[in-house]
Every structure is written in structure tokens, then in C-alpha cells.
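Derivation of every value follows stated rules applied to the coordinates shown; laboratory data play no part. Nothing here was measured: the structure is a model prediction, and the numbers come from that model. Note that we place each Cβ from the backbone using ideal geometry, even for glycine, and neighbour counts take in every protein chain shown.
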Amino acid sequence: MNKLRLYGIWSIIITVMFFILISSAIGAEKEPIKIGVIVSITGEAAEMGIENKRTIDVAVDLLNAKGGIKGYPVIAIILDGQSKPAVFATKAHRLLEAFKVVGAIGGNDISYATAAGEVFQDAKTPFLDIGGTTATIPLVGDYMFMSPIPDNDQGRAVAKYIYEKFGYDTVAIFKDVGSAYGTKLTEYIIHFLKGFTGKENPVPLVLSYNTGDSDYLAQLTRLKANISKLGIQAIILPTWPQDAPKIAKQARELAINLPLVGTDGVDTSALTEVGGDAVEGMIFSTHFSASQPGLTGFAKEFVEEYIKKEGEEPGAFGTMGYDAYDIS
């Protein structure tokens with residue numbers, strides 16, 4: 001009787017322990033890995049941030065469909081940086097303190113990326129820049145990373161292409177003095193054009209403006225008066241998404257029909273939606289194209305899933321969001 005009672009007690013203990021262990025394991029498996037995302041859903045950078053959000057949603061779906069990370073589901077905690085560096089910093093604190101994320105991604109400009117990145121650096125938690133291309137971004141510290149091609153490489157590629165492909169050795173450039181992106185990329189393009197062309201001054205006309213300006217009459221009037229005098233062959237536009245199409249439209253209205261060359265900042269739907277016929281034939285550098293040859297299986301899977309969900313091909317900035325999330 002005592003033996004039976006003892007066996008019964010041990011059976012109950014073992015059964016209870018078994019269910020506790022099973023329940024703990026199930027709970028652990030269901031506990032999601034939280035990765036933070038700060039992008040601009042509103043404000044002047046919203047065009048890029050909205051693309052980021054859409055592609056990150058696809059990244060989460062595809063990753064979880066394959067079992068997540070070592071069996072753990074992943075979720076993206078997406079916050080709006082409102083196109084303001086101070087808000088990016090505030091949201092970085094919120095991700096760390098309220099959501100306890102293991103790391104985060106975000107920003108499509110050095111000002112946004114570093115504002116959030118500095119907070120994560122202080123917390124010794126990884127932060128990966130999505131689309132800011134200024135080469136100095138990783139200098140924030142050991143916990144700050146960037147995924148896109150930096151502007152020193154982009155500036156060299158643009159200079160090389162327009163000179164070797166089209167023979168452009170004298171161009172005008174619109175320099176956005178209100179952003180580190182526009183300022184630094186302009187400097188890189190000029191530097192590398194000097195090297196490729198062998199000319200001391202391949203960019204005799206630098207036309208300054210500020211991000212978000214709406215009237216470019218003064219700059220374009222100056223350009224028109226100097227096209228023949230300086231031998232200008234093309235206009236280079238290392239701009240934010242909203243600026244290039246407005247410059248293009250106003251240039252065409254003044255009968256300035258020079259070829260237009262953009263950089264990655266123009267690669268959003270705003271280019272054709274705002275620019276219309278004025279940007280017909282424009283070329284630009286970018287990070288990704290869904291129709292480019294030689295896509296990897298990883299890239300094809302993403303493109304197909306995005307088209308299925310959104311009804312259109314993903315843009316370059318959106319794709320960098322997908323890339324950054326998977327890297328993180």
C-alpha cells in the first residue's frame with residue numbers, strides 16, 4: 001500500500017513537471033523576436049518610408065513562413081520617425097525601453113539614421129541604416145551599421161558612366177545644401193569627374209538649393225544663360241525624391257532640354273507621377289531593379305511576394321528595407 005502510494009505520488013510529480021516543461025517550451029517557442037523599425041511614414045521622406053514599411057511586412061511574412069529564426073517567430077515594431085531627426089531619436093528610446101527590441105533598422109538619410117543610431121550605440125544594441133548612403137554613417141560606433149552602397153561608390157559610378165557612355169565632360173549640378181546627402185554626393189561626383197575627364201573643372205556650374213524648395217527659376221535662368229557659354233552637356237540631379245521632378249518640369253518649361261541624370265534619391269514613384277513627360281529619357285543610378293537580369297532566387301522570391309501583395313514591383317528604397325530587415 002505504501003509502495004503504491006509512493007508510486008502514485010511520483011507519477012503525479014513527474015506528470016506535473018512534464019506539463020510545466022512542455023508549457024514552458026511552448027511559451028518559449030511562441031515568444032516573438034522583436035526587431036525595431038523607424039522609418040518616415042509622414043513628412044518629406046514619407047515616399048521612401050512607406051516603401052520601406054511595405055517591404056518589411058513582406059520580409060516578416062516570408063521569414064515566419066519558413067519558421068522564423070530557429071523556430072522563433074519575428075515581428076517588426078514599426079514606428080514613424082516623421083522625417084525629423086529628433087523624432088527618430090525619441091522613437092529609438094521607445095523601442096529600447098518600451099518594446100525591448102533586440103536591434104533595429106531605419107533611416108533613409110544620415111540625419112535620421114545617426115539620430116537613432118546614436119541612441120542604440122549608447123545602449124550597445126545594433127542599429128542598421130536602411131537607405132542613408134553617406135559613407136560616414138558607421139563611424140557612429142561599433143553598434144552602427146549600414147546596408148546600402150555608400151555615396152563615394154555611387155559618385156564614382158555616376159561619373160564613370162556619364163563620361164564613358166555619353167562623353168559628358170562638362171555638366172551642371174544641382175547641389176542640395178540643406179542635406180548631407182546632396183552636399184556630399186555632389187562633392188564625390190565632381191571629384192571623380194575630374195579624374196575620369198582629366199579636366200580641372202568639369203562642373204563649371206553648381207546650382208545651390210534647399211531640400212523641398214518649390215521654385216527653381218533663379219537657378220534655371222542662370223543655367224540657361226550659361227549653357228552655350230560653358231558648353232553644358234547635361235544636368236546632374238543628386239536630389240531627394242520630391243525635388244528632381246519639380247526641377248525637371250520647370251527646366252522644360254524654360255525650354256532647357258539638356259539630358260537629365262539622377263542618383264538613387266530620385267528612384268521613387270514621385271519621379272514620374274510629378275515629373276510626367278519632363279522626366280522622359282532621364283537616367284539615374286539606383287540600388288535595385290526588379291527587372292534587372294541575374295536576380296538571385298532570394299530576390300526573385302521577394303519580388304514575386306511583393307507583387308502578389310501590393311500589385312506592383314518594389315522600388316529600390318523599399319527593397320533596401322527588405323534587405324536590412326533580413327540582415328538584422
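As a ratio to 2.2 N^0.38 Å, the alpha-carbon radius of gyration for the stretch 151-284 is 0.94.
In this structure the amide hydrogen of Ile77, modeled in the peptide plane, comes within under 5 Å of the amide hydrogens of Ile35, Gly36, Val37, none closer than 5 places in sequence on its chain.
Set the Förster radius R0 to 41 Å, insert the Cβ-Cβ distance between Thr42 and Glu187 as r into 1/(1 + (r/R0)^6), and round the FRET efficiency to 0.05.
Working: r = 30 Å, r/R0 = 0.74.
About 0.85, to the nearest 0.05.
Summed over qualifying helices (DSSP H, 4 residues or more, each -39500 (n - 2.57)) and divided by its residue number, the chain shows a 222 nm mean residue ellipticity of -16500 deg cm²/dmol.
Across Pro73, Pro148, Pro245, mean-square fluctuation computed from a Gaussian network of the chain (C-alpha pairs under 10 Å connected) peaks at Pro73. Amide H to amide H, with H built 1.01 Å from N, Leu207 comes under 5 Å of Ile173, Phe174, Lys175, counting only residues 5 or more places away or on other chains.
Of all stretches in the chain that contain no GluC sites (Glu not before Pro) in a DSSP loop with at most 11 other Cβ atoms within 10 Å, the longest one is 1-199.
Site pair Lys66 and Glu253 shows an inter-label distance of 4.9 nm when each label is modelled 7 Å from Cα along Cα→Cβ. Residues Val39, Val274, Val177 in ascending order of nearby Cβ atoms (within 10 Å, fewest first): Val177, Val274, Val39. Taking a cut-off of 16 Å, what percent of all Cα-Cα pairs in the stretch 34-103 are separated by more than that? Percentage above 16 Å: 51. Put +1 on the Cβ of every Lys and Arg and -1 on every Asp and Glu Cβ in the chain; which of Ser111, His93, Phe196 then has its Cα farthest towards the positive end of the dipole? Most positive-ward Cα: His93. Summarising the label geometry, the points placed 7 Å from Cα in the beta-carbon direction at Asn201 and Phe99 lie 5.1 nm from one another. Multiplying the residue separation of Phe166 and Ile307 by 0.36 nm and removing their Cα-Cα distance gives an extension gain of 47.3 nm. Rg/Rh for the chain stands at 1.16; both radii use Cα atoms, and Rh follows the Kirkwood definition.
Against the globular-protein guess of 2.2 N^0.38 Å, express the Cα radius of gyration of the stretch 21-173 as a ratio, rounded to two decimals. Each step should come with its number before you reach the end.
Numbers: Rg = 18.6 Å, N = 153, 2.2 N^0.38 = 14.9 Å.
Normalised Rg, Cα atoms only: 1.25.
Couplings 3J(HN,Hα) for the stretch 194-201, derived from phi with the Karplus relation 6.51 cos²θ - 1.76 cosθ + 1.60 (θ = phi - 60°), are 4, x, 6, 8, x, 8, 5, 9 Hz, where x marks Gly and Pro. The trypsin sites (Lys or Arg not before Pro) of the stretch 94-191 that DSSP puts in a loop, and whose beta carbon has at most 14 other beta carbons within 10 Å, are Lys100, Lys124.
So in the chain, what percent of DSSP beta bridges are antiparallel if you round to the nearest 5? That works out to approximately 5 percent antiparallel.
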